[in-house]
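Just below is one structure, and these are the notes that go with it.
The values are calculated or read from the model by the stated rules, or taken from the named source; none is laboratory data. Model, not experiment: these values are computed from the prediction. Using ideal geometry, Cβ is built from the backbone for each residue, glycine included, and neighbour counts are taken over all protein chains shown.
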Amino acid sequence: MRVAVTYENGEIFQHFGHTEQFKVYDIDGGKIISSQVVDTNGNGHGALAGVLSALKADVLICGGIGGGAQMALSAAGIKLYAGISGSADEAVEAFAEGKLEFNPNPTCNHHEHGENHACGTHNCGEHSCGGQN
């Protein structure tokens, strides 16, 4: 199984659409057998689902993520674990052991726009898009 994590300086990067790197882990028998850091090459938001597909990721672990990106991941068959923060390595170890909690309704919680706003189709500026901790 291959797990990708939005990644920055050892931590889970908190805004999927702005991540510049993924750390990709291969897991076998409940253990991490290899990992590598991969640049997104400037791709953002919806295009990142294609990057993850090309990496053959089965699972994505991230912080905040918008609805459009969630749909793109779902269409690509990538299972989402969002609203996660802290160490990327520790989160993947918890996932491998079956201890990472699955949030079926992750939200990009910094958006205070109206009902017509679609998270994932904006410029986030300087604030962070953190998931629920």
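General remarks:
- Among the residues of region 1-36, the ones that are closer than 29 Å to Gly67 by Cβ and basic (Lys, Arg) come to 2 in all.
- Single condition Gly125 does not satisfy, out of (1) modelled with pLDDT under 95; (2) on the phi < 0 side of the Ramachandran plot: (2)
- Count of residues meeting criterion [among the charged types (D, E, K, R), in contact with a strand residue (DSSP E or B) (Cβ under 9 Å, 6 or more places away or on another chain) and more than 18 Å from Ile78 (Cβ to Cβ)] in region 29-60: 1
- The set of residues in region 9-48 being part of a loop (DSSP other than H, G, I, E, B) and surrounded by fewer than 19 Cβ atoms within 10 Å (Cβ to Cβ) consists of Asn9, Gly10, Glu20, Gly29, Gly30, Thr40, Asn41, Gly42, Asn43, Gly44, Gly46.
- Top-ranked residue of region 49-80 - restricted to ones that are part of a strand (DSSP E or B) and among the β-branched types (Val, Ile, Thr), ranked as surrounded by the most Cβ atoms within 10 Å (Cβ to Cβ): Ile61
- Single residue of Gly10, Gly68 found to be in contact (Cβ under 8 Å) with a residue 40 or more places away in the chain and touching an Asp or Glu at 6+ places or on another chain (Cβ under 8 Å): Gly10
- The set of residues from region 81-92 being buried (at least 20 other Cβ atoms within 10 Å of the Cβ) and on the phi < 0 side of the Ramachandran plot comprises Tyr81, Ala82, Ile84, Ala88, Ala91, Val92.
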